[in-house]
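Chemist: Let me begin by handing over the structure; questions about it come next.
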Amino acid sequence: MAAMTRVRRVPTTVRVRVVATVCAGLLCASLAGCGNDGTATADASTASADTLASAAPSSAAASTPEATPSTSEAATPTETPTTEEATTAASQEPVSAGGSEASALWGKAYSGSASITVDVYDYCSTDGSRRLAGSQTYSMNSTLNLGRPESGGDQTESNPFSMLFAAGYASQAGAVSFQSSLVSTVSSQDLAGNYRDPNLLLTYWNIDWSDGELDARLTDPHDREAVVPNLLNWPGLLVACRSDLGQMPGGFPHALAAGTTFTGRIDSSGASLTAEGSTTDGVVAFKFTFDGTAS
């Protein structure tokens, strides 16, 4: 019976062959037992069992199905944050404190008054040397506007903010104007005929601002390019060295020289600043203080 139980697990075609082999083995065992007085019966039974074991093909064992884990036993995958998520989170971190404070001043406008002192020089001495011809002090309504750094072509102003200051009106005698940068339009082709961006960024001032303290300096008046927004409008004599003949009406714009400074305190509520400088022709030197409140 044990032999038959093992045979049931093999395929049908194999089982037929096994049964035939067993029957032949039993017949031979019976004949041998009868012919040898029953001494070979045990050997025949052992041979029959061995024959049965050897008759089972190796493929039968290989065909035994393996246990498959059920769906409930499958491990639930653990979610792992990707590198992209980490990068996105890092990019959303706030910018540095200094940059954030400076950008908070973009769009700020200050209005107040400037007290201006002007020293006028000429070259009317007997030896032709420069001399002080007169001084004048006056006040003018003034405004200061801060904005986002200017961009033109492939360049961006390197200052923390753009700056535009005006004391008086441009055509008014004694008016002063500061502008940190501007975008000028030039030819879209260079001298060789190659294309270039017609938007040219001109930066005039180097501005340093930290913890509410402003330290600005005019570094390049760009008078070579004839684009000069930093000016002191001062009237000139109708005839040099002849003040008795009167002055030209409306004043004459003098370009401010490199080295002009604008320093002091400025924050989101107000400004208290001092400016000092001269003109490129050396005719006028000036100094003023500006106190303004944010609007």
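The values are calculated or read from the model by the stated rules, or taken from the named source; none is laboratory data. Computed from a predicted structure; not experimentally measured. Note: ideal-geometry Cβ built from the backbone for every residue, glycine included; neighbour counts use all protein chains shown. SASA here: full protein model, heavy atoms, side chains in, ligands and nucleic acids out. Shrake-Rupley method; radii C 1.70, N 1.55, O 1.52, S 1.80 Å.
Chemist: Each residue of segment 176-185 in order: what ³J(HN,Hα) in whole Hz does its phi give by Karplus 6.51 cos²θ - 1.76 cosθ + 1.60, θ = phi - 60°, with x for Gly and Pro?
Modeler: Residue by residue, segment 176-185 yields 10, 9, 10, 9, 6, 6, 7, 9, 9, 9 Hz.
Chemist: Counting other Cβ atoms within 10 Å, keep those with at most 14, restrict to DSSP loop, and tell me which GluC sites (Glu not before Pro) in segment 198-295 are left.
Modeler: E225
Chemist: Under 5 Å between amide hydrogens, which residues at least 5 positions from A257 or on another chain qualify, with H placed 1.01 Å from N in the peptide plane?
Modeler: S278, T279, T280
Chemist: Under 5 Å between amide hydrogens, which residues at least 5 positions from G251 or on another chain qualify, with H placed 1.01 Å from N in the peptide plane?
Modeler: Residues meeting the amide H criterion: G236.
Chemist: Modelling each spin label as a point 7 Å along the Cα-to-Cβ direction, I'd like the Y138/A192 distance in nm, to one decimal.
Modeler: 5.1 nm
Chemist: What are the residues whose amide H is under 5 Å from the amide H of A133, where those residues sit 5 or more places off or on another chain and H is modelled from the backbone?
Modeler: Those qualifying (amide H under 5 Å, at least 5 residues apart or on another chain) are V120, Y121, D122.
Chemist: What ³J(HN,Hα) values, in whole Hz, does the Karplus curve 6.51 cos²θ - 1.76 cosθ + 1.60 give for segment 212-229 when θ = phi - 60°, with x put for Gly and Pro?
Modeler: x, 9, 9, 9, 10, 9, 6, 9, 8, x, 6, 6, 5, 7, 6, 10, 10, x
Chemist: If you put +1 on each Lys and Arg Cβ and -1 on each Asp and Glu Cβ, how big is the dipole of segment 171-295 around its Cα centre, in Debye rounded to 20?
Modeler: Values: 6 positive and 14 negative charges, 75 e Å.
With only Lys, Arg, Asp and Glu charged at Cβ, the dipole is about 360 debye.
Chemist: Quote to one decimal, in nm, the extra length available between T126 and E101 on full extension: 0.36 nm per residue of separation minus the C-alpha distance between them.
Modeler: That works out to 3.5 nm of additional length.
Chemist: Of L201, Y123, S187, which is farthest along the charge dipole of segment 112-256 in the positive direction, counting Lys and Arg as +1 and Asp and Glu as -1 at C-beta?
Modeler: Highest projection toward the positive end goes to Y123.
Chemist: Could you compute how much accessible surface L202 exposes when probed at 1.4 Å, giving the result in Å² to the nearest 10?
Modeler: Result for L202: roughly 10 Å² accessible.
Chemist: Follow-up. Please compute the modelled spin-label separation between T280 and D211, points set 7 Å along Cα→Cβ, answer in nm with one decimal.
Modeler: 3.8 nm
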